[in-house]
């Protein structure tokens with residue numbers, strides 16, 4: 001989607017006109033002219049070599065040299081300057097073509113005659129365009145979006161709604177009581193943070209013979225006689241009127257990427273009776289939002305059903321491991337490594353991590369529940385919602401990599417995970433420990449803290465897509481406009497912008513790229529940005545979705561990976577993407593095949609997890625010894641210092 005030939009012709013004429021009208025300081029003599037010509041050619045050559053945009057200097061010098069040689073009737077030198085001038089125009093046009101909004105930038109230059117394209121570098125001119133565009137866009141956004149987020153939900157605000165706030169920590173029964181009320185609803189909905197939780201509620205309601213449907217971003221099970229729908233938070237239909245709604249894990253309202261789904265539900269759910277289940281830190285923000293919505297609410301406080309005890313000494317995996325322990329780490333690699341070590345000791349472990357499909361997580365839970373496996377080895381994916389009979393939580397690490405740096409666990413993370421210890425009737429006391437003195441000291445210190453959520457996240461208002469500006473500029477400008485109220489913050493648009501940039505380079509191949517609503521639908525797809533196979537398939541769908549009534553069905557044999565387990569996990573994500581994209585864009589979907597392939601893939605994953613895990617043992621790349629648990633380096637300390645010392649000595653000899 002580079003600038004059109006007609007616009008390029010207009011720009012060339014504009015450059016030539018500005019060139020003729022530009023008056024640079026006169027050159028005194030041939031020697032000065034030669035020096036300036038060499039300086040100009042050196043600058044142009046350097047810019048060509050490093051791919052950088054031209055500054056104003058070579059343009060000015062070319063104009064001055066042309067005037068100098070014209071005055072001396074030097075035809076050869078004039079022709080040389082004309083050739084260089086054409087090169088300069090070509091370089092600037094190439095830069096304009098590479099800009100994110102090339103056509104708009106070109107039009108900006110053509111419309112603003114007061115700007116002389118010779119007197120400024122092209123990147124400076126692009127900066128002027130962006131600044132002017134941002135000012136115009138900001139004005140348009142402020143003219144279209146209300147400062148009060150609640151006014152978007154006028155129909156819900158007009159209803160007589162009663163809210164019941166269930167406030168308590170993990171293992172306090174708040175969700176249980178809410179779901180018991182949901183069972184009696186004539187038309188009800190459950191909204192939770194995880195597909196696994198929606199599935200658990202769906203099964204629980206069906207087990208109680210309540211006709212129920214399930215709707216998540218990846219799958220839908222619709223019952224004709226359904227009275228209740230179990231959903232992930234983003235999938236709740238705000239156009240339906242319910243008599244009972246349950247909003248679970250409402251502390252998620254402050255999550256920068258997903259919190260807007262909970263804000264939307266609290267403000268906009270059309271239900272006469274709304275049960276909101278939350279950790280204590282969310283109480284303040286939920287009450288503030290409800291006060292702004294002018295609705296009545298009651299508070300029910302829930303206390304833990306079991307005592308929680310922090311152990312006095314660090315945990316030793318070789319001596320202290322007992323049935324009912326849950327060992328917590330913060331990466332799939334570490335989870336499989338520890339599970340493999342336990343296998344060498346004859347200990348069977350259920351493994352839980354984020355990449356596992358919900359059905360596999362549930363089967364791993366069941367194997368622990370029925371005593372087939374002795375312990376659980378898990379990431380913090382264990383921290384939301386699902387109740388297991390865990391005797392003791394063991395923090396194998398107390399530092400977590402959050403995408404930017406390795407940091408200590410915060411109080412919310414510690415409480416969510418530690419609170420899983422204990423189960424009334426089985427383990428009336430839950431225990432918590434860590435593998436190091438520092439780790440134990442840290443979790444003991446932060447657990448009692450009462451972090452209060454100060455703001456809720458609000459979502460992007462899609463009405464802004466009607467503004468005649470590129471979608472990435474709209475998203476960025478909207479995000480940068482701070483809300484007037486300290487109750488709200490904007491959702492993080494970083495991932496959508498990454499996906500937009502992924503599509504921009506292939507925009508000429510995407511039929512819907514110029515339709516901002518279609519494009520928004522594409523970039524708001526839930527895709528694993530770190531999985532290139534998933535990203536590749538998503539880009540392919542974006543390019544080809546208009547070609548047929550269906551999008552391409554993924555094939556397991558096309559998926560590559562280091563292990564069969566890794567291939568199966570990626571393939572399951574591709575099946576989810578196929579489902580999601582088909583639903584979003586109204587494509588005919590082979591639902592039976594999706595179900596069959598999911599079942600096959602789940603069997604592969606379960607089989608692979610049931611095999612020996614010694615392949616996943618983390619060994620030193622140099623000496624082959626087992627690495628200490630939690631060590632991120634691929635070398636043991638001895639080899640690391642040996643290699644570092646050898647490099648240092650080699651450097652000294654050089």
Fill in: Which listed residue is closer than 30 Å to residue 498 by Cβ, modelled with pLDDT of 90 or more and part of a helix (DSSP H, G or I), from 417, 457
417
Response to the item:
Within the range 496-513, residues being surrounded by fewer than 16 Cβ atoms within 10 Å (Cβ to Cβ) and either over 21 Å from residue 537 (Cα atoms) or modelled with pLDDT of 95 or more (or both) number 1
Worksheet item: Any idea which of 327, 321 is part of a loop (DSSP other than H, G, I, E, B), in the same structural domain as residue 365 (by TED's automatic domain parsing), modelled with pLDDT of 95 or more and buried (at least 17 other Cβ atoms within 10 Å of the Cβ)?
Response: 321
Discussion item. What's the number of the only condition in (1) more than 22 Å from residue 248 (Cβ to Cβ); (2) surrounded by 18 or more Cβ atoms within 10 Å (Cβ to Cβ); (3) at pLDDT below 95 that residue 375 fails to meet?
Written reply: (3)
Worksheet item: Can you spot a residue in the range 390-403 that is assigned to a loop (DSSP other than H, G, I, E, B) and surrounded by fewer than 18 Cβ atoms within 10 Å (Cβ to Cβ)?
Response: yes
Practice prompt. Output yes when any residue across the range 344-357 is under 23 Å from residue 415 (Cβ atoms) and surrounded by fewer than 18 Cβ atoms within 10 Å (Cβ to Cβ), and no when none is.
Written response: yes
Worksheet item: Here are some residues: 607, 614. Which one is at pLDDT 90 or above and either touching a helix residue (DSSP H, G or I) at 6+ places or on another chain (Cβ under 6 Å) or within 30 Å of residue 553 (Cα to Cα) (or both)?
Response: 607
Discussion item. Just the residues that are assigned to a helix (DSSP H, G or I), touching a residue at least 24 places away in the same chain (Cβ under 8 Å) and either at positive phi or in contact with a helix residue (DSSP H, G or I) (Cβ under 8 Å, 6 or more places away or on another chain) (or both), please, taken from the range 17-56.
Written reply: 19, 33, 36, 37, 40, 41, 44, 47, 48, 56
Worksheet item: Is there a residue being within 19 Å of the chain's Cα centre (by Cα) and either under 30 Å from residue 266 (Cβ atoms) or assigned to a loop (DSSP other than H, G, I, E, B) (or both) anywhere in the range 503-520?
Response: yes
Worksheet item: Are any of the residues in the range 294-301 touching a helix residue (DSSP H, G or I) at 6+ places or on another chain (Cβ under 7 Å) and part of a strand (DSSP E or B)?
Response: yes
Discussion item. Contact list please: Cβ distance under 7 Å, first residue in the range 548-566 and over 19 Å from residue 602 (Cβ atoms), second residue surrounded by fewer than 12 Cβ atoms within 10 Å (Cβ to Cβ), pairs at least six apart or on different chains.
Written reply: 549/588; 550/588
Discussion item. Within the range 128-164, take every residue that is outside any helix (DSSP H, G or I) and under 29 Å from the mean Cα position of the chain (by Cα) and give me the one that is surrounded by the most Cβ atoms within 10 Å (Cβ to Cβ).
Written reply: 145
Discussion item. Any residue that is in a helix (DSSP H, G or I) and surrounded by fewer than 24 Cβ atoms within 10 Å (Cβ to Cβ) - is there at least one of those in the range 269-279?
Written reply: no
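Condition check ((1) free of Cβ contacts under 8 Å to residues at least 40 places away in the same chain; (2) under 30 Å from residue 103 (Cβ atoms)) across all residues:
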{"residue": "519", "(1), (2)": "no, yes"}
{"residue": "534", "(1), (2)": "no, no"}
{"residue": "579", "(1), (2)": "no, no"}
{"residue": "596", "(1), (2)": "yes, no"}
Worksheet item: For the range 521-545, how many residues are assigned to a loop (DSSP other than H, G, I, E, B) and exposed (fewer than 13 other Cβ atoms within 10 Å of the Cβ)?
Response: 1
Worksheet item: Pairs under 7 Å by beta carbon, first residue outside the structural domain of residue 341 (by TED's automatic domain parsing) in the range 623-643, partner loosely packed, with under 13 Cβ neighbours inside 10 Å, six or more apart or different chains?
Response: 636/623; 636/625; 639/623
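The values are calculated or read from the model by the stated rules, or taken from the named source; none is laboratory data. Since the model is a prediction, treat every value here as computed from it, not as a measurement. Cβ atoms come from the backbone with ideal geometry, glycine included; neighbour counts cover every protein chain shown.
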